[in-house]
Amino acid sequence: GIPCFLLFILYQYKVPRMAQDKVNTALLDAMIIRFKKMTSTKESEVISKIIGNMTDPLFEKRVLLLFERIDTEGTGEINMVTFVQALKDMGLNKVTEKTMRQLNK
């Protein structure tokens, strides 16, 4: 096994936390790559016109406004059916519940 001293040093320098962060980043990157493969350039253009770029200072406000627009019941939650329909209403006709669920895998 791992000597207790070595284990203590690993935790002291937060090595397990750094490893978990790397795994999380890799998973997020994989989801983004998968989404890019499943969407067309037209879809990306529509989304960027609606919410803009993440570096834009108004990005968070636009995302919140978009969420409020989709959340017509005002519950603070959006189910998959409502989300997919909202994307279709914005011109993203190729998006389906199936493709959105595949992104969560």
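Looking at Lys94, Lys61 in this structure, which one is closer than 24 Å to Leu28 by Cα, of a type outside the set (S, T, N, Q), in contact (Cβ under 8 Å) with a residue 40 or more places away in the chain and loosely packed, with under 14 Cβ neighbours inside 10 Å?
Answer to the check: Lys94.
What number goes with the only condition from (1) at pLDDT below 80; (2) open to solvent by less than 80 Å² (accessible area, probe 1.4 Å); (3) not in a helix (DSSP H, G or I) that Gly76 does not pass?
(1)
For residues in the stretch 16-53 being surrounded by 12 or more Cβ atoms within 10 Å (Cβ to Cβ) and among the β-branched types (Val, Ile, Thr), which is modelled with the lowest pLDDT?
Thr39
The values are calculated or read from the model by the stated rules, or taken from the named source; none is laboratory data. The model shown is predicted, which means the values in this text are computed figures rather than measured ones. All Cβ positions, even for glycine, are placed from backbone atoms using ideal geometry, and neighbour counts span all protein chains on display. For the accessible areas, the whole protein counts, side chains as well, though only heavy atoms, and no ligand, DNA or RNA atoms are used. Shrake-Rupley method; radii C 1.70, N 1.55, O 1.52, S 1.80 Å.
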